Structure formats: structure tokens, C-alpha cells
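To keep things clear, I will list the structure first and then write my remarks on it.
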Amino acid sequence: MFEFVFLGTSASAPSVHRGLSAHVVMHRDHRFLIDCGEGTQRQILRSGLGFKRLQKILITHGHLDHILGLGGLLSTLTRWEAIEHVEIWAGQRALRRIRDLVFGVVFRGEREQLRIEFKEIVPGAIIADGNSFELMAFPVTHRGGQCFGFVFQEKPRRPFLEEKAVELGVPNGPERRDLVQGRTITLPEGKIVHPDDVLGPVEAGTKLVHVGDAGETDDILEHCRDADALVVEATYLHSELDLARRFGHLTALQAAELAQAANVRSLYLTHLSRRYRERDVTAEAQSVFANTVVARDLDHIEVRR
């Protein structure tokens with residue numbers, strides 16, 4: 001299970017009700033901040049999440065509405081928070097711009113107390129947590145190039161069959177843990193229990209896909225395939241498709257068609273232009289894909305298989 005918090009859902013510039021692009025993904029003890037538009041640190045405080053364990057920042061691309069909040073956030077982490085190390089993951093072009101912001105403005109002429117590690121994103125697996133989950137990056141078409149989307153994928157698992165375990169006399173405790181981890185056990189009376197005796201068929205893990213700014217869908221379709229939740233931009237309505245193409249963005253209709261073609265379970269739209277009413281965006285997308293939600297700032301969802 002993943003938790004997803006929408007910190008900022010506006011496109012290009014903030015509105016009265018929507019901040020700039022920023023989201024948090026949580027899985028067990030892990031927290032990832034995706035993008036960091038202007039005002040992100042205040043949204044983190046408003047959400048109630050705080051800054052604890054916020055040590056991995058993923059940047060979809062280097063446009064200013066997705067990175068300008070880094071200056072204030074890193075300054076705060078340095079001076080007020082008990083965080084010693086932060087990783088910033090981004091494409092090469094975005095990293096150059098972020099370094100200019102961090103070392104040319106925020107920490108210019110002073111020695112930063114926070115250790116900042118810049119990590120270049122390349123397509124493929126970038127972070128893995130053993131048998132728990134894997135984070136993968138994939139290229140996205142948008143103005144300027146070197147833009148990325150992210151797949152958060154839990155590892156496949158075999159569910160523990162409680163009734164079978166009770167029937168076989170397997171007690172609560174380390175014996176069950178050993179069976180879940182694939183080890184055969186011997187009970188005190190000498191009975192041997194194999195993992196296959198108490199584990200069900202393999203089930204796919206939860207899949208969450210996040211796409212920031214994007215101008216095309218054909219090249220990201222397979223990465224979105226069978227996602228339990230797809231979070232994707234919907235900057236324009238389809239009546240202004242030409243404008244969307246000009247600036248490398250998607251319409252709500254295109255996002256819904258992507259969700260339908262990729263067989264996702266739930267679609268969440270973000271990065272909305274201030275020019276449209278929320279209900280119009282919702283209506284356009286739901287005409288194609290019924291299970292669509294237009295996200296609002298501070299919405300908090302759980303993504304499960």
C-alpha cells in the first residue's frame with residue numbers, strides 16, 4: 001500500500017485554492033517528495049506531514065514551477081530540522097539548474113550544513129527496498145527534454161493463509177515469519193510444514209504511477225499499464241488541444257483516454273490551469289473514464305491492490 005498526498009495541483013502559477021506542483025508518496029518508513037514548486041514547505045506544514053524522513057526528492061523536470069520551492073525548503077532543513085542528508089534525483093539538465101539555485105543563491109558564500117547529494121536519473125530502476133518495493137523512472141515527452149515519470153511498484157507476494165496455518169497447528173510467532181520468508185519449519189511434535197502449505201498463489205503488488213508534465217501519451221502507455229492509481233497532468237480541456245500541443249501538455253480527455261487504454265483502476269488529475277472550472281475538467285475526463293478524480297491541494301489517498 002502507498003499513501004499519496006497532493007501538496008500542489010496548479011499548473012504554471014498558483015491560484016487562490018491551488019499551489020504549485022508538489023506531492024508526497026509514502027510507503028512504510030519511506031517518504032518521497034515529487035517536485036517542489038514555490039510554497040511547498042508551507043504545504044507540507046499544512047498537510048500535517050512535517051519534514052521527518054523527507055530525505056529523497058524526485059524532480060520530474062527542471063521548469064521553475066517544479067523546482068523553485070527547493071531554495072526555501074533546503075534552507076529550512078538546514079537551519080531548523082534534524083535532517084543531515086538529502087538526495088535530489090533529477091535529469092542532467094534539471095540538476096544543473098538546481099545546483100545553480102542551491103549553491104548560487106541559497107548557500108552562496110557559506111558552507112551548507114546539510115549534505116546534499118545530487119543523483120542523475122536514467123530510465124530504469126533507481127531505488128529498491130529489498131523485497132518491499134521498487135521505484136522506476138521512465139522518459140516523458142515535454143518541452144526541454146529529460147523529463148521523467150515514476151512507477152512505484154510493490155514486489156509480488158504470496159498471501160499468508162491464516163486458516164491453513166491454524167489447521168496445521170502453526171503458532172503465532174517466528175514460525176510464521178519463517179514460512180512467509182520461504183523457509184520450511186518443524187513443529188515441536190515433529191510435524192514438518194512447508195511454505196506452500198500456508199501460502200496462497202502469487203499476487204501482484206500495488207502499482208502507483210506518477211506523470212508530471214507530458215505532451216504525449218503513446219510513449220508512456222506501457223509504463224502506466226495496469227496501475228492501481230495513475231496521477232497525471234490535465235492542464236487543458238480538449239477544446240484547446242492546439243494550445244496543449246504547443247506547450248507540451250495534456251488535456252483532461254487525453255489523460256482519461258490514457259487511463260482507459262492502460263487499464264488503470266483509478267485516475268487522479270493534477271496540474272490544472274486556472275482558466276477552467278474543476279467540474280468541467282471532471283466532466284470531460286469522466287465521459288471517457290468514470291473512475292476519475294480531479295485532485296485538490298492536501299487530498300490524501302491510499303493506493304491498494
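Can you tally the net charge around G200? Count Lys and Arg as +1, Asp and Glu as -1, for every other residue whose Cβ sits under 13 Å from the Cβ of G200. Net charge around G200: -2. How many angstrom separate the Cα center of the range 130-159 from the Cα center of the range 211-234? One Cα centre to the other: 11 Å. Starting from a Cα-only point model with no solvent, please compute log10 I(q)/I(0) by Debye for the chain at q = 0.07, 0.08, 0.10, 0.13 1/Å. Debye intensities relative to I(0), on a log10 scale: -0.32, -0.41, -0.60, -0.90.
With a threshold of 21 Å on the Cα-Cα distance, the over-threshold entries among K155/K191; K164/K207; K164/K191; K56/K207 are K155/K191; K164/K207.
Note on D226 and D242: the model spin-label points, each 7 Å out from Cα along the C-beta direction, lie 4.2 nm apart.
Positive contributions from Lys and Arg (+1) and negative ones from Asp and Glu (-1), summed over other residues with Cβ under 9 Å from the Cβ of L54, come out at +3.
Gain on full extension, evaluated as 0.36 nm per residue between N172 and V122 minus their Cα-Cα distance, stands at 13.6 nm. Spin-label model, D196/D129: points 7 Å from Cα along the beta carbon direction are separated by 3.2 nm. How much of the pair distance distribution for the range 1-159 lies past 26 Å, counting alpha-carbon pairs only, in percent? Distances greater than 26 Å cover 24 percent of the Cα pairs. Relative contact order, whole percent, for the range 213-280 stands at 42, derived from Cα pairs under 8 Å and 6 or more residues apart.
Most simply put, the chain has about 55% antiparallel DSSP beta bridges, counting only bridges with both residues inside it.
Separation of the range 1-52 from the range 250-305 is 18 Å, based on Cα centroids. Helix-only arithmetic for the chain: the sum of -39500 (n - 2.57) across DSSP H runs with n ≥ 4, divided by the residue total, places the mean residue ellipticity at 222 nm at -7000 deg cm²/dmol. Once the chain from R296 to D100 is taken as fully extended at 0.36 nm per residue, the excess over their C-alpha distance is 67.4 nm.
Neighbours of K164, meaning other residues whose beta-carbon lies under 14 angstrom from its beta-carbon, give a summed charge of -3 when Lys and Arg score +1 and Asp and Glu score -1.
In plain terms, the chain from L64 to Q113 could stretch by 15.2 nm, reckoned as 0.36 nm per residue minus the Cα-Cα distance.
Each of C36, C224 has some number of other Cβ atoms within 10 Å of its Cβ, and from fewest to most they run C224, C36.
Based on the Stokes-Einstein relation at 4 °C and a viscosity of 1.567 mPa s, and on the Kirkwood radius from alpha carbon pairs, the range 1-81 is assigned a translational diffusion coefficient of 103 µm²/s. Among G124, V106, V166, flag the residue with its Cα farthest along the positive direction of the charge dipole of the range 92-170, charges on Cβ as +1 for Lys/Arg and -1 for Asp/Glu. Positive-end residue among those listed: V106. Taking only the alpha carbons of the range 162-305, we obtain Rg and Dmax values of 22.8, 74 Å in that order.
Only the coordinates and a few stated rules stand behind these numbers; no lab work does. Since the structure is predicted, the reported quantities are computational estimates derived from the model, not experimental observations. When we count neighbours, we look across all protein chains shown, and the Cβ atoms used for this are built from the backbone with ideal geometry, even at glycine.
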